[in-house]
Amino acid sequence: MSVIVYIESNENRVKKTSIEAAFYAAETAKLLGTEAIAIALGTHDATELANLGNVGITKVLHDANTKFDQFDTRAITKAIVAASTSVNADVVVVSYNQNGKAIAPRVSVRMKAGMVAGATALPNTSAGFIVRKNVFSGKAMANVQILTEKKVIALTPNTLQKVVGVNTATIEAFSTGVSDADFTTVIKSVEKVTGTVSLTEAELVVSGGRGLKGPENWGPIEELAREMGAATACSRPVADVDWRPHHEHVGQTGFTIRPNLYIAAGISGAIQHLAGVNGSKVIVVINTDIEAPFFKAADYGVVGDAASVLPKLVEAYKKFKAASH
Amino acid sequence: MKILVPISKVPDTTAKIAFTDGNTKFATDNVTFILNPTDEWYALVRALEIVEKEGGTVTVIHQGVADSEQFIRKALAIGATDAVRIDAEATDAYQVAHNIYEYAKDKSFDLVITGKETIDYNGTQIGGMIAEMMDISYVTLASRLDIENGKAVVARDIEGGKEIVEIPLPCVIAAQKGMAEQRIPNMKGIMGARTKSLTVVASAGEALTTISSFELAPQKTACKMVLPEDMDELVRLLHEEAKVI
Ligand SMILES: Cc1cc2nc3c(=O)[nH]c(=O)nc-3n(C[C@H](O)[C@H](O)[C@H](O)COP(=O)(O)OP(=O)(O)OC[C@H]3O[C@@H](n4cnc5c(N)ncnc54)[C@H](O)[C@@H]3O)c2cc1C
Ligand SMILES: Nc1ncnc2c1ncn2[C@@H]1O[C@H](COP(=O)(O)O)[C@@H](O)[C@H]1O
């Protein structure tokens, strides 16, 4: 028996969401009294893979076939299942990020393994195998019992506090046996913003809504995000009118995020918006209207005009940063 | 083009969430159900648009008991050609996917378009499961879908942007915002829906998971107010008290 975790890299660095999934896999392995092994496909940096030892991975199976660099859900599923079979894995862990959402259900079927989509806690193994997840857009949690011997867990990003040690994972070249004919996805183009923090991985997020009045007023949001190393987000109407790009839209119809800190300026806090952000550990709301529903979901509130509050917050943060370095 | 669109019904987002039977069941009293938004607005409408251009049929399929038929009728009123209901309460994603697969496997659909996720159990599972059962390509979080030279050209979300990919047909696509615009059924559609075919089939799917209990999300304690002039204080609180910066 073992626990296996699917690892992704981006520009030669293992994704933060994958490191979290690896830590989750290692902790689950401890609960089951076994070891956690990683499967990495395509191009990866060897040192980065070896560093997965820091979060408890003992061994990394690496199939360096560069065909895997094109994201093909069918081929990757076959590869993960081949690796799982070879190490006799009972539990497969993937991140519940954009790619993991596509992969996990396929792996679940291929292994006939019950799946939990969007786990928010380690499994409870005291009576069966129960994993917690959010339901009803974050308004409640369900404890899902997996009834099968094999299990697939897709882990919500930013769920666990990682404990990092100093260990090196061994890397083993591995052939998943996936043939060229299995790759049927052709990537035609990629439109990607580089040099900014990705929203799904971000620990800190600064977000704006219609209360900012126009795209020209996003300067302080972007400056604050840059200073803090935060990602930027927005409410849906703001993306709908193209004040901001669609990939920043959070909420029921956009992304669900769970950063440590979510700063919302000029956002009313409609239930559909909250659905995407109510898992945030700490929420700061800046709004002119003390009756705005968002204050009920907030930890810290500022009643004021975002146009003047945000620049003050940028200054205050810069001062804090200067003093603490 | 023969398209299958799995549709689900969910509690309206504003519904009050409560549980009964020792927190093991969702309390449906006084809850208004709706067609799952991504299924209705994006998956179904894009399927109709493709068929309007290329010719073909759009079949909607739903697993649920008889009182869900009003939602199936709504999908027919919006424009679906015909409908199938799998006669069982949906209990887990694998079970629903398996039932849809059993219905679809010998009917040579060119495309299966699901919604991105149901807003009640928030899974993003069923589309990928159907794709694996059929052993065909799958793209989720899709905000654009075109049929070009007999292939599907799809925009999907990646971290910080989008990727445009081309995959062969048949395939499964899970649709989200951006793919189409909501359509409101008109009178003609509503009248026409009454006579469209709705087939009921039995469920054979098995569940691999079960929900053992629910809990409401913990309530936030009162929000601490900070004066708009005093952003130094906010930064201090975030650092010293909340410890997030
Ligand atoms: C099915 C469905 C799905 C949806 N999905 C989403 C979703 O995924 N994400 C999402 O965000 N929305 C979603 N919505 C829309 C949602 O209901 C709200 O309409 C939306 O979130 C409102 O955006 P907003 O807060 O930016 O704008 P508004 O509601 O217009 O609020 C603006 C806020 O700014 C405040 N304000 C005004 N001036 C200032 C100022 N100078 N300084 C500070 N504050 C100011 C106002 O007091 C107000 O609270 C969805 C709706 C539906 C029906
Ligand atoms: N009971 C159901 N019957 C038919 N299709 C469903 C059902 N539940 C979910 N689906 C489809 O599967 C998609 C993803 O659902 P889920 O995996 O539960 O998030 C939905 O958007 C629907 O298109």
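The values are calculated or read from the model by the stated rules, or taken from the named source; none is laboratory data. Just so you know, these numbers come straight off a predicted model, no measurement behind them. Glycine also receives a Cβ, built like all others from the backbone with ideal geometry; neighbour counts cover every protein chain displayed.
Computed quantities for the displayed model
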{"quantity": "Which numbered condition A:H273 fails, given (1) more than 23 Å from B:T124 (Cα to Cα); (2) within 9 Å of ligand 1 (Cβ to nearest atom)", "calculated": "(1)"}
{"quantity": "Count - residues of region B:154-170 that are at the interface with chain A (Cβ under 7 Å from one of its Cβ atoms), surrounded by fewer than 20 Cβ atoms within 10 Å (Cβ to Cβ) and at pLDDT 95 or above", "calculated": "3"}
{"quantity": "Residue among B:G79, B:G22 that is more than 30 Å from B:D110 (Cβ to Cβ), out of contact with any Pro (no Cβ under 7 Å at 6 or more places or on another chain) and more than 12 Å from chain A (Cβ to nearest Cβ)", "calculated": "B:G22"}
{"quantity": "Residue under evaluation B:M187, criteria (1) more than 22 Å from A:K281 (Cβ to Cβ); (2) among the aliphatic types (A, V, I, L, M); (3) surrounded by fewer than 16 Cβ atoms within 10 Å (Cβ to Cβ); (4) in contact (Cβ under 8 Å) with a residue 60 or more places away in the chain, criterion not met", "calculated": "(4)"}
{"quantity": "Residues within region B:92-118 that are of a type outside the set (A, V, I, L, M) and away from ligand 2 (no atom under 11 Å from the Cβ), tallied", "calculated": "9"}
{"quantity": "Number of the exception - B:Y101 against (1) surrounded by fewer than 22 Cβ atoms within 10 Å (Cβ to Cβ); (2) in a strand (DSSP E or B)", "calculated": "(2)"}
{"quantity": "Positions within region B:228-245 being among the small types (G, A, S) and more than 7 Å from chain A (Cβ to nearest Cβ), in sequence order", "calculated": "none"}
{"quantity": "Count - residues of region A:61-110 that are buried (at least 24 other Cβ atoms within 10 Å of the Cβ) and of a type in the set (D, E)", "calculated": "1"}
{"quantity": "Meets criteria (surrounded by 15 or more Cβ atoms within 10 Å (Cβ to Cβ), within 15 Å of B:F109 (Cβ to Cβ), within 16 Å of ligand 1 (Cβ to nearest atom) and modelled with pLDDT of 95 or more) for B:A43", "calculated": "yes"}
{"quantity": "Odd one out for A:D90 among (1) over 29 Å from B:P11 (Cβ atoms); (2) assigned to a helix (DSSP H, G or I)", "calculated": "(2)"}
{"quantity": "Hey, A:K101 in contact (Cβ under 8 Å) with a residue 40 or more places away in the chain, under 25 Å from B:G123 (Cα atoms) and not in a strand (DSSP E or B) or not", "calculated": "yes"}
{"quantity": "All positions within region A:239-254 that are touching a helix residue (DSSP H, G or I) at 6+ places or on another chain (Cβ under 6 Å) and in contact (Cβ under 8 Å) with a residue 24 or more places away in the chain", "calculated": "A:W243, A:R244, A:V250, A:G251, A:Q252"}
{"quantity": "Region A:295-312 - residue that is within 20 Å of A:S137 (Cβ to Cβ) and in contact with a Lys or Arg (Cβ under 8 Å, 6 or more places away or on another chain) and, of those, farthest from ligand 1 (Cβ to nearest atom)", "calculated": "A:D299"}
{"quantity": "Failed item in (1) closer than 17 Å to B:K224 by Cβ; (2) facing chain B (nearest Cβ under 10 Å); (3) surrounded by fewer than 24 Cβ atoms within 10 Å (Cβ to Cβ); (4) near ligand 1 (Cβ under 7 Å from one of its atoms), with A:A292 passing the rest", "calculated": "(2)"}
{"quantity": "Qualifying positions in region A:159-187 - surrounded by 13 or more Cβ atoms within 10 Å (Cβ to Cβ), within 13 Å of chain B (Cβ to nearest Cβ) and either farther than 21 Å from A:K15 by Cα or touching a His at 6+ places or on another chain (Cβ under 9 Å) (or both)", "calculated": "A:D182, A:F183, A:T184, A:T185, A:V186"}
{"quantity": "Some residue of region A:273-292 being within 16 Å of ligand 2 (Cβ to nearest atom) and in a helix (DSSP H, G or I)", "calculated": "yes"}
{"quantity": "B:I211 being touching a strand residue (DSSP E or B) at 6+ places or on another chain (Cβ under 6 Å) and more than 7 Å from chain A (Cβ to nearest Cβ)", "calculated": "no"}
{"quantity": "The one condition in (1) more than 8 Å from chain A (Cβ to nearest Cβ); (2) within 29 Å of A:I146 (Cα to Cα); (3) modelled with pLDDT of 95 or more that B:K151 fails to fulfil", "calculated": "(2)"}
{"quantity": "Residue in region B:180-203 that is out of contact with any Asp or Glu (no Cβ under 8 Å at 6 or more places or on another chain) and at the interface with chain A (Cβ under 9 Å from one of its Cβ atoms) present", "calculated": "no"}
{"quantity": "Conditions (1) away from ligand 2 (no atom under 13 Å from the Cβ); (2) away from every other protein chain (no Cβ under 14 Å); (3) hydrophobic (A, V, I, L, M, F, W, C); number of the one not met by B:A15", "calculated": "(2)"}
{"quantity": "Residue ID - nearest to A:Y96 (Cα to Cα), chosen from residues in region A:120-154 that are in contact with a helix residue (DSSP H, G or I) (Cβ under 8 Å, 6 or more places away or on another chain) and more than 7 Å from chain B (Cβ to nearest Cβ)", "calculated": "A:A154"}
{"quantity": "Number of positions in region B:111-138 that are part of a loop (DSSP other than H, G, I, E, B) and either under 15 Å from the mean Cα position of the chain (by Cα) or within 16 Å of ligand 1 (Cβ to nearest atom) (or both)", "calculated": "10"}
{"quantity": "Tally, over region A:203-237, of residues that are within 12 Å of ligand 1 (Cβ to nearest atom), in a strand (DSSP E or B) and closer than 16 Å to A:S308 by Cα", "calculated": "2"}
{"quantity": "Cβ-Cβ under 9 Å pairs, at least 6 apart or on other chains, region B:119-138 side more than 7 Å from chain A (Cβ to nearest Cβ) and away from ligand 2 (no atom under 13 Å from the Cβ), far side among the hydroxyl-bearing types (S, T, Y) and assigned to a loop (DSSP other than H, G, I, E, B)", "calculated": "B:I136/A:T184"}
